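A short worksheet on the structure shown next.
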Amino acid sequence: LLQPAVSVGNVGQLAIDLVISTLKMTKVGYFYTDCLVPMVGNNPYATTKANSMDLSINAEVYALPSKKLVVLQIRSPFIKNKYRPFCQTLLSWVESSKCDRVVLLSSSHAYQRDDEQLLGTPLRYLLTPDLEKAVGGLMQELNWKEMEKVAAYPGINDTEKVLHIPGGGITKLLFTESCSKGIQMAVLLKFCSEGDNIPDAFALANYLNEWLKLIKSRVNTAAQWKIPSSWRLLFGSGVPPALF
Amino acid sequence: MATFFGEVVVAPSRAGVDDEEWAEETPEDRDIRKELEKKREIDVLWTLKSGAAAESPAEGPSACSRFIVAMGRNAAAFLSSFILDSVCWEVVGVVKLWNEWCRTSSTTNVLPTDSFCLFYRLISDPTVLLCQCSCYVAEDQQFQWLEKVFGCMQKEGLQVIVLSTCPVADYKTQESTLTLPSPFLKALKTEEFKDQVCCPLLEQPNIVRDLPAA
């Protein structure tokens with residue numbers, strides 16, 4: 001199961017849009033939930049007039065049987081006090097549907113990085129202990145960087161370290177719950193800020209592709225992701241000509 | 001994050017993240033939260049057959065073939081001006097709710113400037129229901145509203161029409177919204193809706209949110 005966290009810059013969600021759009025995934029269902037703000041629109045991945053009229057809502061599930069891939073896309077923010085219920089429902093669905101592993105795409109505030117994190121790659125990963133056994137070695141080969149823990153009481157006691165993902169939404173909650181339930185979960189995240197997050201989405205999607213190889217990419221050339229039609233006008237309507 | 005003037009502020013985020021959200025609750029916090037939830041509960045009260053004022057959540061309409069819902073002041077005003085009158089329509093229910101923006105009461109005698117949410121039935125065809133909702137239903141109440149209102153109705157053969165308005169400035173289009181002839185109509189429909197739609201469908205990337213979306 002591949003899914004985003006609603007996090008800073010909505011990078012996880014944008015990256016998921018790229019995956020669904022490029023792999024032309026079919027919608028197989030949706031979450032009927034009171035945890036997300038309701039929204040509805042026409043098909044965000046429409047390619048022709050014919051398929052542009054399918055309604056789309058805030059939490060939908062897509063599938064690609066050939067790659068044994070199921071993707072959940074979340075399109076609106078969480079309602080206050082509903083983070084925990086949503087995580088619990090989601091994880092019990094993961095367990096009851098006997099899903100092998102979960103990959104969570106997320107992001108974290110770039111301004112909260114420490115001096116060392118400011119250098120080098122802005123991409124990080126996390127693995128639950130159960131998944132660490134299975135793919136920990138692969139991460140080493142890919143030369144990926146694990147998300148660093150920070151001091152629980154900075155300045156006072158530097159020995160106790162905790163996981164801190166500012167701006168990550170439900171990322172930390174889902175990850176810690178998965179650790180305690182023995183679910184195989186990987187978190188892939190990018191440090192970023194609010195703004196034009198399309199390049200961040202591409203970076204995160206390419207990072208994911210290094211591991212899962214969802215689409216072909218040649219050496220030294222970025223993988224070819226298809227931008228969905230709904231990404232038009234991300235920053236509003238056209239400008240009135242009278243302005244100039 | 002530091003601003004130009006050197007003050008350090010927490011960066012706002014589209015994701016609306018709240019890290020303290022899931023910190024462990026004390027029993028007091030839990031009690032406060034439950035009290036608040038109770039205060040924000042929605043009551044759907046149907047008028048009893050005898051025409052008496054709604055006092056308890058009696059059973060809702062037994063059969064409904066068409067349900068027209070107007071959300072927001074503009075849509076509610078449209079219904080008041082062009083559709084509703086005391087000869088053809090009778091009040092059959094009311095929604096009582098409270099949130100930080102408005103409060104509705106169980107009275108069915110309302111002024112156009114009040115916040116209210118009333119249900120009407122067409123006297124000549126009691127399977128046609130109409131809802132006029134001029135109050136704001138908060139995010140955390142929208143699902144409840146939906147479940148409690150639709151929970152009373154049979155869904156077989158039911159046609160639902162939702163009327164709502166959005167600011168033109170929110171409409172995303174290639175040209176500037178200043179040049180658009182407004183107001184204009186757009187629609188969204190489910191696959192099952194087979195009737196003719198009288199206006200173009202809403203194009204991506206435009207979306208509808210909140211109660212009309214629910």
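Read the figures in this text as sums done on the coordinates, not as results from a lab. As the structure is a computational prediction, the values presented were derived from the model and not from experiment. All Cβ positions, glycine included, derive from the backbone under ideal geometry; neighbour counts span all protein chains shown.
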query = Calculated from DSSP H runs of 4 or more alone, at -39500 (n - 2.57) each and per residue, what is the 222 nm mean residue ellipticity of chain A, nearest 500?
reply = -8500 deg cm²/dmol
remark   = Calc'd 3J(HN,Hα), region B:80-86, phi into Karplus 6.51 cos²θ - 1.76 cosθ + 1.60 (θ = phi - 60°), Hz, glycine/Pro = x, comes to 4, 7, 10, 10, 6, 7, 7
message = Can you tell me the orientation of helix A:83-96 relative to chain A, as the angle in degrees between its alpha-carbon axis and the longest Cα principal axis, to the nearest 10?
response = 90 degrees
request  = Mind checking A:5-14 for the average number of partner chain beta-carbons within 10 Å of each residue's beta-carbon?
outcome  = 3
task = Work out the charge dipole of region A:2-231 with +1 on the Cβ of Lys and Arg and -1 on the Cβ of Asp and Glu about the Cα centre, then indicate which of A:Ile20, A:Gly169, A:Gln3 is farthest towards its positive end.
result = A:Ile20
Neighbouring partner chain Cβ atoms per residue of A:26-38, average, 10 Å criterion = 3
query = How far, in degrees from 0 to 90, does helix A:11-22 lean away from the longest principal axis of the Cα atoms of chain A, to the nearest 10?
reply = 50 degrees
inquiry  = Taking 41 Å as R0, compute the FRET efficiency from the Cβ-Cβ separation of B:Ala77 and B:Glu175 and round it to 0.05.
reply    = 0.90
task = Take every Cα-Cα distance within the protein assembly as shown, group them into 10 Å bins from 0 onward, and report for each bin the whole-number percent of pairs it holds.
result = 4, 17, 26, 24, 18, 9, 3, 0
remark   = So the FRET efficiency between A:Thr26 and A:Asp158, C-beta based with R0 = 51 Å and rounded to 0.05, is 0.50
ask   = Where in region A:17-41 does the label zone of A:Leu234 land, with the point 7 angstrom along Cα→C-beta and an amide N cut-off under 15 Å?
value = A:17-22
ask   = What is the spin-label model distance, in nm, from B:Asp114 to B:Ala63 if the labels are put 7 Å beyond Cα along the C-beta direction?
value = 3.2 nm
message = Averaged across B:172-183, how many Cβ atoms of other chains sit within 10 Å of each residue's Cβ atom?
response = 4
Computed Rg/Rh of region A:2-231, alpha carbon atoms with Kirkwood Rh = 0.95
Inter-label distance for A:Phe244 and B:Lys34, nm, one decimal - labels placed 7 Å from Cα along Cα-to-Cβ = 6.3 nm
request  = Could you line up A:Asp100, B:Asp114, A:Asp17 from fewest to most neighbouring Cβ atoms inside 10 Å?
outcome  = A:Asp100, B:Asp114, A:Asp17
